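*Asks:* Take a look at the following structure, please.
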Amino acid sequence: MRTSTVRAAVVQAEPKWLDLTACINQVIELVAEAAANGAEIVAFPEAFIPGYPAWIWLDSPAWAMRMVPTYTANSMTRDGAEMAALAAAAREYGIVIVSGFSERAGGSLYLSQAVVLPDGTVHVRRKLKPTHVERSVYGEGDGSDLAVYDTPLGRVGALNCWEHLQPLTKFAMFSQGEQIHVASWPSFSLYRGAAQALGAEVNNAASMMYAVEGQSFVLAPCGVIGRTAHDLFCDTELKKQLLVQGGGFARIYGPDGSSLAEPLAETEEGILYADLDFTHITVAKSIADPVGHYARPDVLQLVFNQVPAPLVRHQPLPAEPIPTKATEKDLT
């Protein structure tokens, strides 16, 4: 376990909506800014590339379908030029990049996160279960990438949004020795005052409790809804009320639940910084380690299926032709 201090950066910003190239440029600019301020890891919000599809919460599926062609065309593949650009930035600045993105694979989209290491290695994971109306846009991941990765900074993992309300998903992550966790959120702008469960108080509490339960540092980047989003997605006053401007509530939490960075105003764009002292993990683990001394495996256990679930399994052809039974007609 690493015992030195890691400088972390957490982004609170409005994405360059529906423009893949502009989003990649924006991410790289923020990576450069974070690195210039000494950061060794920088975390971005959920679906920051090319922006979280907040419009799906505002109207009927038929109305939302008008966004499908543009959103799909500007979603990123895991093996394309844009991902290569992020890998190049990680190498250039010697930094770990964790960014949410809409992943295009064939004809489907997935709510994915890229963990890009300073040597250019890219790991991609998909949200296991998109939340509510997100399922009208995105497919599901599987257990093969519900993973924590070895990095030069320690063990790093990531989840999206309400995956932090799924106890078994969290426990699977804790079991892998996670030290730095990225909790990516889109923004806390929807249904302000009408849906407490979607607001900043509840969801920042989820990030904080993840830190306490898993004894890890939690970097919680958060998106911002600005006038650009309103112009694109809100064609009525009611929709502007349903999706208020602001919603940026980025946070950084220590393994005891303490807040490690001064928050920005919810309408402000910027980067939060904190120095993560890994000895705090050691102290927290000594008190309550739910996957170690504080567990009761004789009473409760998790079944964790990490086997990939491909849609098609190719069976190899036999080496020799299979003989067929001769029919009476063949013998005459």
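The values are calculated or read from the model by the stated rules, or taken from the named source; none is laboratory data. If you're wondering where the values come from, they're calculated on a predicted model, not measured in any experiment. Note that each Cβ is placed from the backbone with ideal geometry, even for glycine, and that neighbours are counted across all protein chains shown.
*Asks:* Determine whether region 156-177 contains at least one residue that is at positive phi and part of a loop (DSSP other than H, G, I, E, B).
*Replies:* yes
Rundown of residues vs (1) without any contact (Cβ under 8 Å) to a residue 24 or more places away in the chain; (2) over 13 Å from VAL42 (Cα atoms); (3) surrounded by 21 or more Cβ atoms within 10 Å (Cβ to Cβ); (4) polar (S, T, N, Q), yes/no style:
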{"residue": "TRP63", "(1), (2), (3), (4)": "yes, yes, no, no"}
{"residue": "ARG66", "(1), (2), (3), (4)": "yes, yes, no, no"}
{"residue": "THR70", "(1), (2), (3), (4)": "no, yes, no, yes"}
{"residue": "SER75", "(1), (2), (3), (4)": "no, yes, yes, yes"}
{"residue": "ALA84", "(1), (2), (3), (4)": "yes, yes, no, no"}
{"residue": "GLU92", "(1), (2), (3), (4)": "yes, yes, no, no"}
{"residue": "LEU111", "(1), (2), (3), (4)": "no, yes, yes, no"}
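*Asks:* Please verify whether GLY270 is surrounded by 10 or more Cβ atoms within 10 Å (Cβ to Cβ) and within 30 Å of PRO167 (Cβ to Cβ), treating the condition exactly as stated.
*Replies:* Here the answer is no, as GLY270 does not meet what is asked.
*Asks:* Go through region 61-134 and tell me which helices (runs of 4 or more DSSP H), entirely inside it, have 1 or more residues that are at pLDDT 95 or above and under 21 Å from PRO308 (Cβ atoms).
*Replies:* Working: elements: 61-64, 68-73, 81-93.
Fully inside region 61-134 and qualifying: 81-93.
*Asks:* In region 238-258, which residues are under 29 Å from VAL6 (Cα atoms) and either in contact (Cβ under 8 Å) with a residue 24 or more places away in the chain or in a helix (DSSP H, G or I) (or both)?
*Replies:* Listed by number, the residues that qualify are GLY247, GLY248, PHE249, ALA250, ARG251, ILE252, TYR253, GLY254, PRO255, ASP256, GLY257.
*Asks:* Given the structure, is ALA8 of a type outside the set (Phe, Trp, Tyr) and within 17 Å of the chain's Cα centre (by Cα)?
*Replies:* Spelling it out, ALA8 is indeed of a type outside the set (Phe, Trp, Tyr) and within 17 Å of the chain's Cα centre (by Cα).
*Asks:* Mind checking which residues of region 1-19 are surrounded by fewer than 21 Cβ atoms within 10 Å (Cβ to Cβ) and not small (Gly, Ala, Ser)?
*Replies:* Hits for region 1-19 are MET1, ARG2, THR3, THR5, ARG7, LYS16, LEU18, ASP19.
*Asks:* Being in contact with a Lys or Arg (Cβ under 8 Å, 6 or more places away or on another chain) and in a loop (DSSP other than H, G, I, E, B) is the filter; apply it to region 273-317 and report the residue that is surrounded by the fewest Cβ atoms within 10 Å (Cβ to Cβ). Give the steps one after another, and end with the answer.
*Replies:* Taking region 273-317 as the starting set, the residues that turn out to be in contact with a Lys or Arg (Cβ under 8 Å, 6 or more places away or on another chain) are 273-276, 278, 292.
From what's left, in a loop (DSSP other than H, G, I, E, B): 278, 292.
Numbers: PHE278: 18, GLY292: 13.
The residue in question is GLY292.
*Asks:* Return a yes/no flag: does region 127-146 have any residue that is touching a Gly at 6+ places or on another chain (Cβ under 9 Å) and in contact (Cβ under 8 Å) with a residue 60 or more places away in the chain.
*Replies:* yes
*Asks:* Here's a follow-up. How many residues are in contact with a helix residue (DSSP H, G or I) (Cβ under 6 Å, 6 or more places away or on another chain) and not charged (D, E, K, R) if we restrict to region 21-52? Don't jump to the end; show me each part of the working.
*Replies:* Filtering region 21-52 for residues in contact with a helix residue (DSSP H, G or I) (Cβ under 6 Å, 6 or more places away or on another chain) gives 24, 28, 31, 35, 42, 46, 49-50.
Those left that are additionally not charged (D, E, K, R): 24, 28, 31, 35, 42, 49-50.
Qualifying residue count, region 21-52: 7.
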